Each structure stands twice: as structure tokens, then as C-alpha cells.
Amino acid sequence: MAAALALAAALFFALAATLQQKGALNLPTISLADPKSLLRLVGQRAWLVGTLVLGCGYVFQAGALDRGRLSVIQPLLVSSVVFVLPLGYFMTSQRVGRREILGAAAIVLGLSGFVIFGDPAGGSANASDTQWAVTIALIALACVALLLLGNGGLSRKAAVYGTVAGMLFGLSSSLAMPTLDFLHEGVGTMLSHWQCYALAVAGVLAFVIQQVSLGTGRLAPSVATVSVANPVVSILIGALLLNETLSRPAWHVALAIVGLGLGLAGAVAISLARETSTGPAPDDGTPAPAAA
């Protein structure tokens with residue numbers, strides 16, 4: 001059930017990203033330095049529908065996290081890159097070539113291997129406040145450093161901002177574990193702990209930064225970097241903070257790591273293939289044509 005909910009969430013996330021990017025391309029620029037550019041997104045119907053779809057994805061993701069392990073649920077969200085391909089084909093008439101199909105096959109095989117042989121077990125829903133504080137501080141520093149490097153061409157900006165958004169999504173998903181655990185004890189209990197507020201802040205920041213990434217018109221690097229950074233951060237937090245461990249024997253762990261690497265490589269391959277198929281885009285701030 002947890003895996004099925006995670007795959008449903010991935011489908012909703014892919015559809016949301018496609019719709020939001022379609023709406024953002026109708027605007028001249030999307031920038032954190034210009035807050036009004038973010039507000040203008042509200043006037044785009046496609047973007048609004050995409051945001052509603054994104055909310056549905058969060059609901060399915062929360063259900064999956066409530067029933068499964070962080071180290072399993074988050075990697076499964078990489079499948080959103082696979083769902084982007086048919087959505088782009090049917091919604092924006094994008095070409096799907098052999099490289100994209102091979103990348104999708106690598107994602108499916110890799111994630112299947114990770115789930116079958118990894119089988120994360122143990123772990124807890126929460127960590128100490130000190131551990132969370134150190135983790136949040138490290139992620140914040142990494143995000144700031146990346147954003148300082150985000151100026152440049154459209155592809156670079158999409159990738160950098162997508163990576164930052166993915167890291168923050170991974171953090172918010174990790175904070176959802178203790179938040180959901182407190183919610184079982186009651187809404188009052190959940191609201192009395194700081195984790196739910198930190199989750200909201202990280203989630204909103206990730207959402208805003210992702211809009212900047214999508215606004216470049218380069219959907220492929222944006223979706224791919226979010227899909228890779230999100231599970232990497234989540235797996236690290238699950239292993240180091242929540243004490244989730246992969247199944248034994250050692251060869252199971254090795255195959256699980258290979259499977260995860262294959263899945264992430266497939267996501268990167270699709271990103272590169274999509275970037276090539278759209279042709280070189282102007283890097284002077286002019287929005288690129290819609291990409292899938």
C-alpha cells in the first residue's frame with residue numbers, strides 16, 4: 001500500500017510540474033529577486049490547476065510516509081521522471097525517443113531492485129532536537145551556497161534551483177515522519193511541536209524555488225534534479241537520523257545501492273535526452289519553448 005501511494009504521488013507530481021511549467025512559460029521571467037513575478041503565476045490557469053494537482057500529490061505522499069519507510073517512499077518518487085514522458089507526449093506533443101525509453105527502463109529496473117533487495121527496516125519516526133538542528137543548518141548552508149552559484153544560463157539555473165528545491169523537499173518529507181506520528185496523538189499534540197512548522201517552512205520554500213526552476217522553461221533538468229536530490233537527502237536523513245538500515249546480507253545491500261544508482265542515472269539520462277531534443281535555448285533570459 002505504501003509503495004502504491006508513493007507511485008500515485010509521483011504521477012501527481014509529474015503532472016503538476018508539467019502544468020506549472022506550462023503556466024510559467026506565459027510570463028517573461030520568474031525570479032526570487034522579483035516577488036511580483038511569483039504573484040503573476042496566480043493569474044495562469046494551467047499553473048493553478050498544477051498547484052491543485054500538486055496538493056493531491058502531497059496527500060498521497062503523506063499517506064505513503066505514514067505507512068512506509070522514508071528510505072523506500074522517497075526513492076520511488078524518482079518515477080515522476082518516467083511519468084513526465086507520456087505527459088509531455090500527450091499534452092505538449094513532445095517527442096519521446098530511444099534514449100528516453102531506455103532511461104525510463106533504467107529507472108523502473110533500478111527502483112525495483114532497490115525496493116526488493118534494500119527492504120529498509122528498523123528506524124524511528126523522530127530524532128533529538130540537536131540532531132535535527134544540525135541537519136537543518138547543514139542543508140540550509142548547502143542551499144545558500146548553491147543559490148549563489150545559480151546565476152548563468154537557463155539550463156544551469158534550472159538545475160541549481162531544482163537541486164535546492166529537491167533538498168528542501170527531502171527535508172520537509174523527513175520532517176513529515178515525526179509530524180505524522182504526533183498527528184496520531186491529536187492535532188493539538190502535533191501543533192505543540194516545532195517539527196510541523198519547520199515542515200511547512202521547508203515545503204513552502206521548496207515550492208517557491210521550484211517555480212523559479214520551472215520558469216526557466218527547462219522542465220527536464222528541473223524535474224530530474226528535484227527527483228534526484230529529494231531521495232538522496234531523504235535516504236541520508238533516514239539512515240543517519242532515523243536509524244533506518246538496509247536488509248542483510250551484504251550482497252542485498254550492494255544490489256540495493258546499485259539499483260538506486262541505476263534509477264538515478266536513468267533520471268539524468270532522460271534529462272540530458274530531453275535537453276538535447278529541445279535544441280539549444282537562448283541563455284539571455286528569454287523563456288525557452290515548452291519541454292517535457
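Please treat every number below as a calculation from the coordinates, not as lab data. For clarity, every value in this text was computed on a predicted model and none was experimentally measured. FYI the Cβ positions are ideal-geometry reconstructions off the backbone, even for glycines, and counts take in every protein chain you see.
Sorting TYR197, TYR58 by the number of Cβ atoms found within 10 Å of their own Cβ, with the fewest placed first, yields TYR197, TYR58.
Fewest Cβ neighbours within 10 Å first, please rank TRP132, TRP194, TRP47, TRP251 accordingly. Let's see the in-between values first.
Working: TRP132 20, TRP194 12, TRP47 24, TRP251 9.
So the ranking, lowest neighbour count to highest, is TRP251, TRP194, TRP132, TRP47.
Just subtract the alpha-carbon distance of ASP129 and SER192 from 0.36 nm times their residue separation and send over the number in nm, one decimal.
21.3 nm
Counting beta carbons within 10 Å around each of VAL81, VAL212, VAL232 and listing the fewest first gives the order VAL232, VAL212, VAL81. Its Cα centre serving as origin, region 77-219 has a Cβ charge dipole (Lys and Arg +1, Asp and Glu -1) of approximately 840 debye. Neighbours of ALA2 by Cβ distance under 11 Å: Lys/Arg scored +1, Asp/Glu scored -1, total +1. Taking R0 as 25 Å, what FRET efficiency do you get between LEU183 and MET1 from their Cβ-Cβ distance, rounded to the nearest 0.05? E between LEU183 and MET1, to the nearest 0.05, is 0.85. Available extension along the chain between CYS56 and LEU147 is 29.9 nm, counting 0.36 nm per residue and deducting the alpha carbon span. Between LEU48 and VAL258, the simple spin-label model (points 7 angstrom out along Cα→Cβ) gives 5.1 nm. Model label sites at ALA265 and LEU102, defined 7 Å from Cα along the beta-carbon direction, differ in position by 1.1 nm.
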